[in-house]
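The values are calculated or read from the model by the stated rules, or taken from the named source; none is laboratory data. The model shown is predicted, which means the values in this text are computed figures rather than measured ones. Here the Cβ positions follow ideal geometry from the backbone for every residue, glycine too, while neighbour counts run over all protein chains shown.
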Amino acid sequence: MKRLPWILVASGLSFSFALLGCNGDDDNDGVGDETTGDGDGDPTGDGDGDPGDCADPNDTDAIVPISGNITTDTTWTCDNVYLLTPDTLVTVDGAVLTIEAGTMIKGTLGTALIVEKNARIEANGSADAPIVFTSNEASPAPGDWGGLVLLGEADSNCGDACQAEGFPIPPTYGGADDSHNCGTLAYVRVEYAGFAISEGNELNGITFYACGSQTTVHHVQSHMGLDDGIEMFGGTFDADHLVVTGANDDSLDVDQGFRGTLQHVFIHQNSGIGDNCYEISNQGVDFTATPLTSPIFCNNTCIGSGASGDKSKGLTVKEGTEGQWYASIVSNATNEAALLADEPTYAVANGGGIAIQNSIFFGNGATPFVSGADSFDNAGWEAWVMDAANANLTSDPGLGNSWGSPNAMPSGDVAGNGTVGAGCEATNYIGAVDPAGEDWTQAGWINYTP
């Protein structure tokens, strides 16, 4: 269905959804016309994403403004810098957006990139040529632009026509296709996102709405977001080698029936702001809504805000959620390392729906285990987590906590028993980084700039 131009004013921002062509874009496909005539959307003709062929991010002649929705298969190439023009929510609708390795996309105030349920994004970067979504400001800051939103048709416990949060007119997500494919994010970094549409109504760095098991996500960073770093609303995909740094709210927010496995995840909170490393919930209206949120976390490392933080916590489980943590580290949280929020979640934990095993809790707040359940006081919750059968430790993993220059490579004893959870790759160490291997968290595709 053709979308007609319209203007919406919300909280002082004008959001323009107009079918406007880019400069030099005669066919309205969302990119400048190619010169080779080969139909692949690659003006250079080689389509290889070689970093040597990629544009200088500061070259104004390389800028291709994007102001219209993308309704035909389109390729963005690394010899251009794609600029989302102000107050434009660019939607990929009924098409595949392919982004070449090394490509930079710059956002401005009021912009975001949304991939609809009937569309797909194929963003395949590489270690030496990541795909970067960033701010167009000379001095970037959280909330400079919206972020990346993927909408899918996997099962979510809010139904098959759930409304995405953070939008003036919300797109929908959810369905019955647990294998739905939202596309690929590989070696992708999203920075300085999360602008507020209205008070308390911000977009996240990356939001996955009901993306299914065919979705591919690995080597992805969300950096300096104004709200959550990465949030999953339902869905069934797995992901690995994720980095979330400097999220103003939660680093990983998982809810509405998400049932994937996340392995090798590194979280580093800002020293002054940040809430949960993990906020795991089921559904605020109906705590028993199915499918229950039931993520599996393996070989994760969370470094909290430390003494200068405010809300910083390790993990919060609430609203009757399930969840499993194996071979993971929670350290340096300002407050609790683990919060059991309510009685329904206690019931799930007591019934075996929550597992926290072979993990390390070190250097967190004065009361590291806090319970809001009637059946467990703080001491009871701590005893449950630290039961000998869980093999959890309080030893120093030897991590560097300096904001802006973290060190996720353990120097302490993190041998532990490795992972034991279903769906996890077998390891013989605790935390995101193998102390006997390569520190993947120091790779060039990652940005730690405060």
Discussion item. Being in contact with a Lys or Arg (Cβ under 7 Å, 6 or more places away or on another chain) and over 19 Å from residue 275 (Cα atoms) narrows it down to one residue among 394, 345; which is it?
Written reply: 345
Discussion item. I want to confirm something. Restricting to segment 405-428 and keeping residues that are buried (at least 21 other Cβ atoms within 10 Å of the Cβ), out of contact with any Cys (no Cβ under 8 Å at 6 or more places or on another chain) and over 26 Å from residue 248 (Cα atoms), which single residue is modelled with the lowest pLDDT?
Written reply: 416
Worksheet entry | Failed item, numbered, when residue 213 is tested on (1) over 15 Å from the mean Cα position of the chain (by Cα); (2) under 21 Å from residue 105 (Cα atoms) | (2)
Worksheet item: residue 297 versus (1) surrounded by fewer than 24 Cβ atoms within 10 Å (Cβ to Cβ); (2) without any contact (Cβ under 8 Å) to a residue 40 or more places away in the chain: which is the lone unmet condition?
Response: (1)
Worksheet item: Can we say residue 289 is among the small types (Gly, Ala, Ser) and under 19 Å from residue 389 (Cβ atoms)?
Response: no
Item to complete: Find the residue count for segment 300-315, including only residues that are surrounded by fewer than 24 Cβ atoms within 10 Å (Cβ to Cβ) and either closer than 20 Å to residue 348 by Cβ or in contact (Cβ under 8 Å) with a residue 40 or more places away in the chain (or both).
Response: 2
Worksheet item: Would you say residue 217 is in contact with a strand residue (DSSP E or B) (Cβ under 7 Å, 6 or more places away or on another chain) and either charged (D, E, K, R) or more than 23 Å from residue 314 (Cα to Cα) (or both)?
Response: yes
Discussion item. Anything in segment 146-167 that is under 19 Å from residue 94 (Cβ atoms), part of a loop (DSSP other than H, G, I, E, B) and either of a type in the set (Ser, Thr, Tyr) or touching a Lys or Arg at 6+ places or on another chain (Cβ under 7 Å) (or both)? List them, or say none.
Written reply: 152, 153
Worksheet entry | segment 297-314, residues that are farther than 17 Å from residue 405 by Cα and touching a Leu at 6+ places or on another chain (Cβ under 9 Å) | 297, 298, 300, 313, 314
Practice prompt. Return the total of residues in segment 334-392 being buried (at least 18 other Cβ atoms within 10 Å of the Cβ), part of a loop (DSSP other than H, G, I, E, B) and of a type in the set (S, T, N, Q).
Written response: 6
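For every residue, the table says whether it meets (1) in contact with a helix residue (DSSP H, G or I) (Cβ under 8 Å, 6 or more places away or on another chain); (2) at pLDDT 95 or above; (3) of a type in the set (Ser, Thr, Tyr); (4) outside any strand (DSSP E or B).
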site	(1), (2), (3), (4)
237	no, yes, no, yes
243	yes, yes, no, no
257	no, yes, no, yes
271	yes, yes, yes, yes
302	no, yes, no, no
Worksheet entry | Criterion (in contact (Cβ under 8 Å) with a residue 40 or more places away in the chain and not aromatic (Phe, Trp, Tyr)) met by exactly one of 267, 230, 206, 273 | 206
Discussion item. Taking the conditions exactly as written (under 27 Å from residue 126 (Cβ atoms) and surrounded by fewer than 24 Cβ atoms within 10 Å (Cβ to Cβ)), does residue 180 satisfy them or not?
Written reply: no
Discussion item. For segment 367-395, which positions are under 19 Å from residue 335 (Cβ atoms) and not hydrophobic (A, V, I, L, M, F, W, C)?
Written reply: 367, 368, 371, 372, 377, 378, 380, 382, 392, 394
Worksheet item: Looking at segment 168-184, which of the residues that are over 14 Å from residue 148 (Cβ atoms), part of a loop (DSSP other than H, G, I, E, B) and under 20 Å from the mean Cα position of the chain (by Cα) is modelled with the lowest pLDDT?
Response: 170
